[in-house]
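Down below is the structure, laid out as structure tokens.
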Amino acid sequence: MRNKLLYLFSFGICMLLWQSCSEDDYPVPPASTVPRFSNTIDNDEFAPATVTFKNESIVPDRAGDVTYQWSFGDGTSSREVAPTHLYSKPGAYKVNLVVVTTSSMEINEFSKTIVIKDPNASGTPVFFTDGSTVFTALINDQEPVVTSIGINSLQDSYGMALDTVNNKLYIADFDGDKILVADADGKNLQDFRTNVGEPDAVAIDYATGTLYWDTPSGIRRADMSNTDLGQFENFVTGQSNDPEGISIDPVNRVLYWNNYDGGVWKKGLDSGGESEIIPGGQGGASVLVVGDRIFFDEFIASGDIYLKSANLDGSGIATVATGISRVVYGLAYDKDDNKIYWVDRNKSNIMRANLDGTSSETWASGYSARGLVIGKKK
């Protein structure tokens, strides 16, 4: 029996070696041509702007002669290797590069959308993040043109707050365990507070110049005029259900938050009085004060999140929207048009509706947005 087992073992090893050697005898598929490019835009990306394209295509030696065919999305084209192109009018232009080779007989293409901003555009600015990058667009009577503000190194961002007085953007970076601050145009990015406890959301109390944010077990706050990266204090502690979205009622001086594992809470900014105003539930990730109502999301079932509203004391609950694909980390209010905005991450949509949920529509698509803030009309 021992010899038989040894024979079978040896035979198996030989078969594996033979198969391995046989596989090595097969020819390796030749490398393919891979078209790609990057670009820079002058004039701060405002029209008229010249775009300089850097051809980063990978072309193997076997490909033979290569032809590059560029289409700039405005009816013009080029066959230069790395062209420059002037866009005289604002807009979103789909640039297409086709690489044609002679010996390998390949035709491969790569596309990218170039956004040229309108220097005379007016409207209400919107900011949102997809986790790593901060984007902006304007609310007006045109289709939103979404652009990056140049902040693209966030580790895992969920929430933001816009200081409309000082034109500053505060960004919670969950995985970075910090809060950053930058000018609203993306410049002068720096740390505001570090080692803050995995923040998801931030809110501003203008009356005292204080920034609030959530942690997995409570709420913290810091003096916005203090530059010490470690200066903050606990405001709410002992929350076992993971506070997420937070919002401030500036009139009544109350902070509201939504728990990921259920329940909407409030606490007086000056007087305390912490209490759960909407008990139970299956949890959510956002809350927003609009006048004498609060808006919040609630998990009903997988792929079916509800957006609801209630009186400030938690009574009078009404449903605003249903069928949202994932818990909502972006909720904002446009006071000029009196509309509520929210993000539907898995569907890559930013939605909006009247405060009672009527006239619901997609405002922007193609972005799995999280944090969402709306500024002042300009």
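The values are calculated or read from the model by the stated rules, or taken from the named source; none is laboratory data. The structure presented is a predicted model; accordingly, all values stated were derived computationally and were not measured. Glycine gets a Cβ as well: all are built from the backbone with ideal geometry, and neighbour counts include every protein chain shown. For the accessible areas, the whole protein counts, side chains as well, though only heavy atoms, and no ligand, DNA or RNA atoms are used. Shrake-Rupley method; radii C 1.70, N 1.55, O 1.52, S 1.80 Å.
Evaluate the following for Thr40: is it free of Cβ contacts under 8 Å to residues at least 40 places away in the same chain, open to solvent by 70 Å² or more (accessible area, probe 1.4 Å), in contact with a Lys or Arg (Cβ under 9 Å, 6 or more places away or on another chain) and of a type outside the set (Phe, Trp, Tyr)? Outline the logic, then answer.
Working: free of Cβ contacts under 8 Å to residues at least 40 places away in the same chain: yes; open to solvent by 70 Å² or more (accessible area, probe 1.4 Å): yes; in contact with a Lys or Arg (Cβ under 9 Å, 6 or more places away or on another chain): yes; of a type outside the set (Phe, Trp, Tyr): yes.
Answer is yes for this residue.
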If I ask for residues that are of a type in the set (Gly, Ala, Ser), within 20 Å of Trp342 (Cβ to Cβ) and in a loop (DSSP other than H, G, I, E, B), which ones from region 139-172 would you list? none
Would you check if there is a residue in region 29-47 being closer than 18 Å to Ala92 by Cβ, aromatic (Phe, Trp, Tyr) and modelled with pLDDT under 95? yes
Leu211 - would you say it is out of contact with any Leu (no Cβ under 9 Å at 6 or more places or on another chain) and buried (at least 19 other Cβ atoms within 10 Å of the Cβ)? yes
From the options Asp191, Asp185, Asp175, residue that is in a strand (DSSP E or B) and open to solvent by 50 Å² or more (accessible area, probe 1.4 Å): Asp191
Among the residues of region 82-103 satisfying the criterion of being buried (at least 18 other Cβ atoms within 10 Å of the Cβ) and touching a residue at least 40 places away in the same chain (Cβ under 8 Å), which is farthest from Lys377 (Cα to Cα)? Thr101
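Which of the residues that make up region 109-135 are of a type in the set (S, T, N, Q), modelled with pLDDT of 95 or more and closer than 29 Å to Thr52 by Cβ?
Of all residues in region 109-135, those of a type in the set (S, T, N, Q) come to 111, 113, 120, 122, 124, 129, 132-133.
Still in the running and modelled with pLDDT of 95 or more: 111, 124, 129, 132-133.
Passing the criteria: Ser111, Thr129, Ser132, Thr133.
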Hey, among Ser71, Ser88, which residue is more than 24 Å from the chain's Cα centre (by Cα) and closer than 17 Å to Ser57 by Cβ? Ser71
Region 226-292: strands (runs of 3 or more DSSP E) wholly inside it with 1 or more residues that are in contact (Cβ under 8 Å) with a residue 60 or more places away in the chain and farther than 20 Å from Ala321 by Cα are 243-249
Quick check on my filter: what residues within region 330-358 are outside any helix (DSSP H, G or I), farther than 20 Å from Gly123 by Cα and open to solvent by 60 Å² or more (accessible area, probe 1.4 Å)? Asp356, Thr358
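Here's a check for you: in region 293-320, which residue that is hydroxyl-bearing (Ser, Thr, Tyr) and in a loop (DSSP other than H, G, I, E, B) is least open to solvent (accessible area, probe 1.4 Å)? Break it down into steps so the answer makes sense when it comes.
First, the residues of region 293-320 that are hydroxyl-bearing (Ser, Thr, Tyr): 302, 306, 309, 315, 319.
Restricting the remaining residues to those that are in a loop (DSSP other than H, G, I, E, B) gives 302, 315.
Working: Ser302: 111, Ser315: 49 Å².
Filtering first and then ranking leaves Ser315.
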